[in-house]
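A.B. asks: Pasting a structure here, questions to come.
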Amino acid sequence: MYKHIFIDLDDTLWDFHANAQAALEEIYDNHQLYKYFDSFEHYFNIYAKRNLELWELYGKGEITKEFLNFERFSHPLVQVGAGNIKTAEQIGREFLEMLPTKTLLIPHAKELLDYLYPKYPLTIISNGFIEVQYKKLRSSNLEHYFTHIVLSEGAKALKPDKRIYEYAMQLNNATASECIMIGDSYEADIVGARNAGIDQVWFNPHREEKKREATYNPKSLLDIFQIL
């Protein structure tokens, strides 16, 4: 039924949450941020909440990537009265250098790619930054699986804008009915694919927002073997 598979990267294949936490824990110690926060968990929780808000704004095209990368590190410092522009900028640079060197994957991501790769052309569709996403793929030894890597900066559109999916279809010389999108973000991956007329696999292992609809809703990446 399907001839082309589109796949999100962060938190669908590459464990963004765990890798970001590992990178930030190193940065937390290196910059002695324990002087200002009760614990690393205290710092990370403030960061993670603001980071999610900023990515939603970035996805809507309301902020730049430069503001996103500065604000997510400035905000926790401001919250504890330790706001410092130079420190926030330095942490932002270090994070973008360190993050893509981390290689933790979502459970069964490698098995899924090994299963899909011989059967379909695979295309990454991601809102992540160009200079970071390619490094993630290479350091995790994932790049060779993909025929195309579609990033929002190159496509000039951010998920859930249907234009990024249309761009991916053009690269593959494919129609919407021939494609299916696998992703963890309901708003970006599922709504975006649906807006482009593409079927969706909502990877939702924690079974959050059960009332939301997708073409398929597997508990595990292994369950996708039964779909494709």
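What follows draws every value from the coordinates through simple rules; no lab data is involved. What you see is a predicted model; the values in this text were computed from it and never measured. Ideal geometry is used to build each Cβ from the backbone, glycine not excepted, and the neighbour counts take in all protein chains shown.
A.B. asks: I need the calculated FRET efficiency for the pair ARG163 and GLU26, taking r as the beta carbon distance and R₀ as 45 Å, to the nearest 0.05. Numbers along the way, then the final one.
C.D. replies: Numbers: r = 37 Å, r/R0 = 0.83.
Efficiency, from the Cβ-Cβ distance: 0.75.
A.B. asks: For every helix of n ≥ 4 consecutive DSSP H residues, a contribution of -39,500 (n - 2.57) applies; sum these over the chain, divide by its total residues, and give [θ] at 222 nm rounded to the nearest 500 deg cm²/dmol.
C.D. replies: The per-residue figure over the chain is -13500 deg cm²/dmol.
A.B. asks: Select from GLN133, GLN21, GLN170 the residue whose mean-square fluctuation is largest in a Gaussian network model of the chain (Cα-Cα springs shorter than 10 Å).
C.D. replies: Highest fluctuation of the listed residues: GLN170.
A.B. asks: Further, regarding this structure: Mind putting a number on the dipole of the chain about its Cα centre? Charges go on the C-beta only, +1 for Lys and Arg and -1 for Asp and Glu, and I need it in Debye to the nearest 20.
C.D. replies: 340
A.B. asks: Please rank VAL78, VAL132, fewest neighbouring Cβ atoms within 10 Å first, as an exposure proxy.
C.D. replies: Taking fewest neighbouring Cβ atoms as first place, the list is VAL78, VAL132.
A.B. asks: Next question. If you put +1 on each Lys and Arg Cβ and -1 on each Asp and Glu Cβ, how big is the dipole of the stretch 84-198 around its Cα centre, in Debye rounded to 20?
C.D. replies: Dipole size: approximately 80 debye.
A.B. asks: Now a separate question. In straight Cα distance, which lysines are under 29 Å from LYS65, not counting same-chain residues fewer than 8 positions off?
C.D. replies: Hits, sequence-local ones excluded: LYS35, LYS49, LYS86, LYS102, LYS135, LYS136, LYS156, LYS159, LYS162.
A.B. asks: Quick one: 3J(HN,Hα) in Hz for the stretch 17-23, Karplus 6.51/-1.76/1.60 with θ = phi - 60°, rounded, Gly and Pro as x.
C.D. replies: 4, 5, 5, 5, 5, 5, 5
A.B. asks: Would you kindly derive the ³J(HN,Hα) couplings of the stretch 103-108 from the backbone phi angles with the Karplus curve 6.51 cos²θ - 1.76 cosθ + 1.60 (θ = phi - 60°), listing them in order in whole Hz, with x for Gly and Pro?
C.D. replies: 10, 5, 10, 4, x, 6
A.B. asks: Report, in degrees rounded to the nearest 10, the 0 to 90 angle that the Cα long axis of helix 130-139 makes with the longest principal axis of the chain.
C.D. replies: For 130-139 against the chain, the angle is about 80 degrees.
A.B. asks: Extension gain THR87-PHE40, at 0.36 nm per residue separation less the Cα-Cα distance, in nm?
C.D. replies: 15.2 nm
A.B. asks: Take the Cα coordinates of the stretch 16-101, assign each an equal point scatterer, and use the Debye formula without solvent to give log10 I(q)/I(0) at q = 0.24 Å⁻¹.
C.D. replies: -1.33
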